[in-house]
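Here the structure is laid out as structure tokens; the discussion comes afterwards.
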Amino acid sequence: MNQYETEKRLCWCYGTLSVLLAVSVICVAVPYYHWKATLDVCPGSWLENTSCGCIFFGVNSFRYFTGGHNSNCLYALIAPVPILVYALLMTLFHMYRVCINNIGQYEGEKSTTMEEIEGETIVVTTRTRTNQNYDGVIYCWIPNASIAGILAIYNIVHAGIMTDGYNKTCQQYRGRLVTLLQSSGDQATAIHFRLSCQAIFDFMDYLEKDAPNSRRGDFINTGIALQLALITSWASVIIWIAISVYTGIRAYKEREVLTCCGK
């Protein structure tokens with residue numbers, strides 16, 4: 001795989017990554033603002049921090065089902081923004097190189113010729129490439145691979161926190177559902193151990209009442225929205241790893257060339 005093919009794949013990876021991160025942000029924002037007023041019913045006085053309208057890390061209290069601290073949802077919304085901007089910039093950069101001026105393209109990764117010297121046939125393999133002084137991107141494969149690896153870890157932390165918050169809300173609302181339906185025996189067991197989180201959030205959409213002085217508006221599919229956010233976030237992690245591998249392989253092939261970090 002020559003440099004042109006590598007940058008072509010990176011263009012697709014960064015473009016897909018931008019879409020996935022945008023979907024993740026949207027799918028967190030919709031249920032967060034939909035449930036914020038309803039779940040923000042933390043007990044306590046004005047001296048205490050009662051900002052608990054987040055759909056993640058919900059808690060089943062004695063009287064209400066309260067959300068997690070708003071900072072959890074704000075983190076889920078804001079954390080992907082810097083890497084989304086970076087992914088967009090890298091998409092445009094590689095798209096320009098691949099689609100417009102082909103700077104990153106080798107004329108031929110390898111070419112093989114047969115030459116006859118003093119009656120003996122010799123196979124000569126050459127590698128034609130662009131001028132290193134002209135194509136400066138080959139100097140930065142190692143830093144790009146390092147950045148992709150760091151952002152993969154950053155995205156793992158983000159996806160992990162969202163997954164934990166999703167599971168916490170799901171488990172806590174199981175107890176809330178048992179109370180609302182006045183379930184006992186096998187029915188309560190089924191709610192706690194057999195119903196999927198999608199089913200639990202479906203019940204939440206239709207059974208959870210608006211908090212005093214608040215109104216959610218139309219029903220939404222909270223479970224689908226949150227699951228899409230989780231799927232796209234974890235898919236982004238996989239793509240970050242793929243980008244790190246692609247750039248790492250390219251850095252290995254260019255190991256004899258000075259990088260922007262030195263030899």
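The values are calculated or read from the model by the stated rules, or taken from the named source; none is laboratory data. Keep in mind that what you see is a predicted model, and the values were worked out from it rather than measured. Cβ coordinates were reconstructed from backbone atoms using ideal geometry, including for glycine residues, and neighbour counts include every protein chain displayed.
Kindly indicate whether any position in region 102-113 is surrounded by 11 or more Cβ atoms within 10 Å (Cβ to Cβ) and modelled with pLDDT of 80 or more. No, that holds for no residue. Screening the candidates C42, C99 for the property of being more than 22 Å from A152 (Cβ to Cβ) and exposed (fewer than 15 other Cβ atoms within 10 Å of the Cβ) yields one hit, C99.
Looking at the structure I just gave you, is I191 more than 24 Å from the chain's Cα centre (by Cα) and surrounded by 17 or more Cβ atoms within 10 Å (Cβ to Cβ)? Yes, satisfied.
Checking each residue in region 142-195 for being closer than 17 Å to G223 by Cα and in a loop (DSSP other than H, G, I, E, B) picks out R194, L195.
For region 10-32, the criterion of being of a type outside the set (V, I, T), buried (at least 17 other Cβ atoms within 10 Å of the Cβ) and part of a strand (DSSP E or B) is met by none of the residues.
Results for (1) at pLDDT 85 or above; (2) under 26 Å from T169 (Cβ atoms); (3) out of contact with any Ser or Thr (no Cβ under 6 Å at 6 or more places or on another chain); (4) not charged (D, E, K, R), shown as yes or no for each residue.
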position	(1), (2), (3), (4)
K8	no, no, yes, no
C13	yes, no, yes, yes
Y32	yes, yes, yes, yes
G44	no, yes, no, yes
N49	no, yes, yes, yes
G53	yes, yes, yes, yes
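Have a look at D218, D210 and point out the one that is over 16 Å from L39 (Cβ atoms), among the acidic types (D, E), modelled with pLDDT under 95 and surrounded by fewer than 16 Cβ atoms within 10 Å (Cβ to Cβ).
D218
Say whether the condition of being surrounded by fewer than 18 Cβ atoms within 10 Å (Cβ to Cβ), of a type outside the set (F, W, Y) and modelled with pLDDT under 90 is met by at least one residue in region 160-178. Looking for residues that are surrounded by fewer than 18 Cβ atoms within 10 Å (Cβ to Cβ), of a type outside the set (F, W, Y) and modelled with pLDDT under 90, one finds none in region 160-178, hence no.
Residues checked against (1) assigned to a helix (DSSP H, G or I); (2) of a type outside the set (S, T, N, Q):
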| site | (1), (2) |
| --- | --- |
| C52 | no, yes |
| F57 | no, yes |
| R63 | no, yes |
| G67 | no, yes |
| A76 | yes, yes |
| P82 | yes, yes |
| Y86 | yes, yes |
| T91 | yes, no |
